């Protein structure tokens, strides 16, 4: 395989052909894939959440499935079922859409908690269990979930345990007026996703994921991450801070980001840049602080300001 950074940049450039004006957000989505994580996209309808998932899957040659979550969706509709085969006189497993490499769970908070929980085992252990039989999910495997932060009627908020399993949460936001005109121009004849080509293979994605784990992270950076995560637990406006899974998530995302940036080491600035996307959804603000309009973004920024930054050695110096 060629240099990992070049392969990753080729994927990023291909996705940007579909998602106009959101280079930073599409880069974070790629970071999440390379770090072997799952992504939660929280935003209003119509800003390109579904297209981002489809573009990422098509660019990497990964199989893609979309699940529309509704209140009447059953866990078996997600994982699959065991059906009796009369010819073989035995039960055979018919996999559900969750057994694809890139799975888009649209409006995840519209399904009941029982159906939402069907994702937990797949997201953490990368396997599903149906009728007592365990089936491994394919590699690579990534769940991209979307939810509308505005419309709460008829929804079931994701529990903390499930939020914690998402490596990152991002917000696409509205495009600028200039970008919105570019989107109209691009889709005047047809949608760019229809002509999007594959630029790498799923096996190369696995090699990229392995390369991410080889990126050097100094012990001072690790201590910086742990101190930052611990600060979210001790913050006066927080009811529940980030878990140790948050520390691991921040370590993995900074390694992936460093590789995309063409470096073989992590810098403190990587930690600062990815702190909110990685820790924001893991921080539960106390009711009293919410009354004062304090949100998780403010808490994470405050913690970054309080924690001392490591010295020159952690920046790649001698």
Exercise. Label residue 263 and residue 207 with points 7 Å out from Cα along Cα→Cβ: what is the distance between them in nm?
Worked result: 2.5 nm
For this session: Within 10 Å, count the other beta carbons around each residue, average over each peptide in 50-59, 27-36, 230-239, and list them highest first.
Result: 27-36, 50-59, 230-239
Exercise. FRET efficiency for residue 163 and residue 3, Cβ-Cβ distance as r, R0 = 25 Å, nearest 0.05?
Worked result: 0.10
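Please compute the Kirkwood hydrodynamic radius over the stretch 211-258, one decimal place, Å, based on all pairs of different Cα atoms. Kindly include the intermediate steps, with their values, before the conclusion.
Details: mean 1/r = 0.0878 Å⁻¹.
After inverting the mean inverse Cα-Cα distance, the result is 11.4 Å.
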Exercise. Want the number for residue 185 to residue 222: 0.36 nm per residue separation, take away the alpha-carbon distance, what's left?
Worked result: 8.7 nm
Exercise. Once both labels are modelled 7 Å past Cα along the beta-carbon direction, what's the residue 139-residue 230 spacing in nm?
Worked result: 3.4 nm
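Output the Kirkwood hydrodynamic radius of the stretch 215-315, Cα pairs only, in Å rounded to one decimal. It would help to have the intermediate numbers written out before the result.
Numbers: mean 1/r = 0.0734 Å⁻¹.
When all Cα pairs of the stretch 215-315 are included, the Kirkwood radius is 13.6 Å.
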Exercise. Anyone know which of 64, 265, 91 comes out most mobile in the 10 Å Cα GNM of the chain?
Worked result: 91
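Residue 44 to residue 290: extension gain in nm, 0.36 nm per residue of separation minus the Cα-Cα distance? Numbers along the way, then the final one.
On the way: separation 246, 0.36 × 246 = 88.56 nm, distance 2.15 nm.
Computed gain between residue 44 and residue 290 is 86.4 nm.
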Exercise. Based on Cα positions only, what radius of gyration and what Dmax would you give for the stretch 59-199, in angstroms?
Worked result: 18.1, 62
Exercise. Out of 188, 86, 116, any idea which swings most in a Gaussian network model of the chain, alpha carbons joined below 10 Å?
Worked result: 86
Seminar exercise, completed: Under the 7 Å Cα-to-Cβ spin-label approximation, residue 81 and residue 193 lie apart by a distance in nanometres of 2.8 nm
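Values in this text are rule-based calculations from the coordinates and carry no lab data. The structure presented is a predicted model; accordingly, all values stated were derived computationally and were not measured. With ideal geometry, Cβ positions are generated from the backbone for all residues, glycine too; neighbour counts draw on all protein chains shown.
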